[in-house]
């Protein structure tokens with residue numbers, strides 16, 4: 001199954017003529033600084049060795065078929081591999097996985113040096129152990145968007161280590177205003 005994605009940018013003729021002006025990068029960052037995002041680590045191997053990156057852009061798109069999207073900055077050391085990989089593993093993290101989140105977010109380190117922390121699935125993808133949940137996905141489309149690539153993926157296999165019951169607060173890990181935060185019962189708003 002392949003979903004065609006069309007590139008759209010500010011320079012694209014159908015967009016440029018309808019909108020005058022644009023937010024500056026600093027203005028755009030200020031808007032999103034107050035918008036928390038769930039934390040995930042994405043791993044892949046396109047034949048050159050495993051890569052990993054931490055992302056807050058993972059979002060479910062559809063349950064039937066099971067689709068998700070995420071974006072990868074062209075500045076990321078993992079971008080080349082993720083632009084070629086046919087499959088990825090998306091690790092959905094909670095506060096117990098903060099070390100894995102930090103590992104994927106730290107540049108210039110070997111994210112796979114600690115061999116006890118990860119292994120390969122029988123299908124070859126690198127997967128971190130003992131994270132809240134992971135989803136193995138087939139990449140079904142890519143779209144250039146500014147300095148990033150939006151990746152669409154079809155979920156094929158999943159494992160949940162620490163499930164969250166419907167209505168429970170859990171221990172969600174979010175990134176907000178340049179810091180890691182734990183959501184839990186203490187942060188629930190009863191309205």
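The values are calculated or read from the model by the stated rules, or taken from the named source; none is laboratory data. Keep in mind that what you see is a predicted model, and the values were worked out from it rather than measured. Cβ placement follows ideal geometry from the backbone for every residue including glycine, while neighbour counts extend to all protein chains displayed.
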Quick check, is residue 72 in a loop (DSSP other than H, G, I, E, B) and either over 25 Å from residue 122 (Cβ atoms) or at pLDDT below 95 (or both)?
no
message = Yes or no: region 47-58 includes at least one residue that is at pLDDT below 95, surrounded by 11 or more Cβ atoms within 10 Å (Cβ to Cβ) and more than 13 Å from the chain's Cα centre (by Cα).
response = no
Among residues of region 160-169 being touching a helix residue (DSSP H, G or I) at 6+ places or on another chain (Cβ under 9 Å) and at pLDDT below 85, the residue nearest to residue 101 (Cα to Cα) is 169
Per the filter on region 60-76, residues in contact (Cβ under 8 Å) with a residue 12 or more places away in the chain and either loosely packed, with under 14 Cβ neighbours inside 10 Å or closer than 17 Å to residue 143 by Cβ (or both) are 61, 65, 67, 68, 69, 70, 71, 72, 73, 74, 75, 76
In region 77-115, residues that are crowded, with 19+ Cβ neighbours inside 10 Å, farther than 21 Å from residue 149 by Cα and touching a strand residue (DSSP E or B) at 6+ places or on another chain (Cβ under 6 Å) total 4
Subset of region 124-144, residues under 15 Å from residue 111 (Cβ atoms) and without any contact (Cβ under 8 Å) to a residue 40 or more places away in the chain, comes to 129
inquiry  = I'd like to know if region 92-106 contains one or more residues that are in contact (Cβ under 8 Å) with a residue 60 or more places away in the chain, closer than 17 Å to residue 48 by Cβ and assigned to a strand (DSSP E or B).
reply    = no
Residue 4 fails exactly one of (1) more than 17 Å from residue 118 (Cβ to Cβ); (2) modelled with pLDDT of 90 or more, namely (2)
